Amino acid sequence: MSSYQPVSFSRRPEVPTLRDEPPRREREVMLGMGEASLLLLIIGAVSVGYALPFTAVKYGLIAFFGVLFVVKTLQRPAMGLALLAFGIPAIDLIPKGLIPIRAVNAETLMIVALLFVIARANAISGREPLRTKMGFVLAIYAVLIIVSCVNGWFTWQRSLFDLLSAAKNHLAYMLFLPAAFHVVRERRDKLLVVSACVLSLFLNCLQAIDESWLAFATGTLERHRASALLALQPNLFGAALAMYLPVTMLFASKPIGSRWVRLVMIAVNGAIGFALILTLSRGAWLGAVAGLLVLALLADRKLLILFALAAAGYQYWVPDAAISRVEETKNIQGELGANSVADDSTQMRVEQYKSLPAMMKPRPILGWGYRSYPRVFEKYGTLKRSKGAHSTYVLIGTEEGVIGWIVLAFVFGSMIFIGWKSWRLAEDPLDRYLGIGVLVGAVSMLVSMMAGSRFEAQKMWVFYWVFFGIAERGLRLAELRGATLRRPALSVVGGRDGEPR
């Protein structure tokens, strides 16, 4: 008998027949209608809470949301993640004394909820070999912050428990990235979670416009700048809008859905753009311009024509308050006194940058420790007074030193690199657009952080981390398939010890 054995091939995947298609499509339509009905129900509940700002109504909405979250997560983990992402802007409305345990607050409940979503997804679909590299990068940043807490404890004799609790509140929102990476596994889940984030962002813009349009019409916008639950401070809210505007602009210009979807995204862009103007945040405007220019150069150069027309006719659509705000920046001259600087945010930023060498000189490597900036600026700053940081770069350099700058550069470099690779290699168009979106969003934030402490307000980053997790998952799947295709397609059975040869 011959020792020759036949060559074995990998089994071809089963292809569904035409008879299987109609029931599957019917189920998709039914589930789609259920998702839309659920979103409408949530919007109705939010509207009731907005119209009736009473304590009993607030507790009732918290209970309603909690029960709904648990039920939907047990049925479909991606739905639970979508509910969490949608409701995160309102997390500060949860009473601080809801659970009478020290350091157990809304962020703690959010961490438990995210771990529950991930565990449920693994229980239903099983654990998978994919790993998020950006999650590892964020873990390095978390270690830096923990070391900074210990440094602050040794330096200033502050409570280590309080510092770690504050760091927990700061870092907790980054868990949305691994949650989105491991939970959102199907395209329908991607569309659901992304739609929930965009809808929540749109409602926040409507809230900001509702509270500031009268001031805009009457010329008192300087005293009533736009903000929303996503970020209660106008400059922070403006930075968030600058980060998300390129993403929604890309969704409106690329065919990710039907014409109705593109029309909806155009409306969302209009709301984001108008709310961004109403914030009167110059740093956010610069970040938005930088991000949109990079988006146009990389993804759609036809947008350059639109931007050029908008810039040429800015006198016709930019409010006078915004123009005067820019003129204030140009007219700053000479040294101002402490009282004048307190009223001029631009000059305050100049003074903090001027004070940076003196603040870093005693401790250039590891800095002064977490949450130490006001004390250090009062001791070494040019104004000799306590003040919060007006720049992320100044804050990190003072509190975490040169190592903090290196880690921050590594974090944003990884954002840009992974976003670029997702855009170039991912197979799903939605993953590719999210990849270029998070890349451009990182560029926008790099510019905005020069004029404010933006990376520390992590609540406004939630949608970004969700988008990033989905985009990176598409990249890892493409890399996994590419590695599989590069393996030898043939194997001969019957080698030594029964192994293929």
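Laid out as a table, the results:
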quantity: Options P77, P100, P89: the member that is touching a Ser or Thr at 6+ places or on another chain (Cβ under 9 Å), over 18 Å from F181 (Cα atoms) and not aliphatic (A, V, I, L, M); calculated: P89
quantity: In the range 377-398, residue farthest from L144 (Cα to Cα) [restricted to those that are touching a Ser or Thr at 6+ places or on another chain (Cβ under 8 Å) and small (G, A, S)]; calculated: G381
quantity: Subset of the range 49-70 that is surrounded by 13 or more Cβ atoms within 10 Å (Cβ to Cβ) and among the hydrophobic types (A, V, I, L, M, F, W, C) - its residue that is modelled with the lowest pLDDT; calculated: V57
quantity: Selection count, the range 80-133, where residues are touching an Asp or Glu at 6+ places or on another chain (Cβ under 9 Å) and at positive phi; calculated: 1
quantity: Selection status of M450, under 20 Å from the mean Cα position of the chain (by Cα), surrounded by fewer than 20 Cβ atoms within 10 Å (Cβ to Cβ) and at pLDDT below 95; calculated: yes
quantity: Filter result for S159 (out of contact with any Lys or Arg (no Cβ under 8 Å at 6 or more places or on another chain), modelled with pLDDT of 95 or more and not β-branched (V, I, T)); calculated: no
quantity: Restricting the range 113-127 to residues that are without any contact (Cβ under 8 Å) to a residue 60 or more places away in the chain and surrounded by 15 or more Cβ atoms within 10 Å (Cβ to Cβ), the residue that is farthest from E186 (Cα to Cα); calculated: A113
quantity: Candidates L408, L439, L383, L395 - the one that is of a type outside the set (G, A, S) and outside any helix (DSSP H, G or I); calculated: L383
quantity: Members of the range 194-247 found to be closer than 19 Å to K459 by Cβ, out of contact with any Asp or Glu (no Cβ under 9 Å at 6 or more places or on another chain) and polar (S, T, N, Q), listed by number; calculated: S200, N204, Q207, Q233, N235
quantity: Single condition H390 does not satisfy, out of (1) assigned to a helix (DSSP H, G or I); (2) crowded, with 20+ Cβ neighbours inside 10 Å; calculated: (1)
quantity: Helices (runs of 4 or more DSSP H) wholly inside the range 145-257 containing at least 3 residues that are touching a strand residue (DSSP E or B) at 6+ places or on another chain (Cβ under 6 Å); calculated: 187-218
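The values are calculated or read from the model by the stated rules, or taken from the named source; none is laboratory data. None of these values were measured; they are calculated from a predicted model. As a convention, Cβ positions derive from the backbone with ideal geometry for all residues, glycine included, and neighbour counts pool all protein chains shown.
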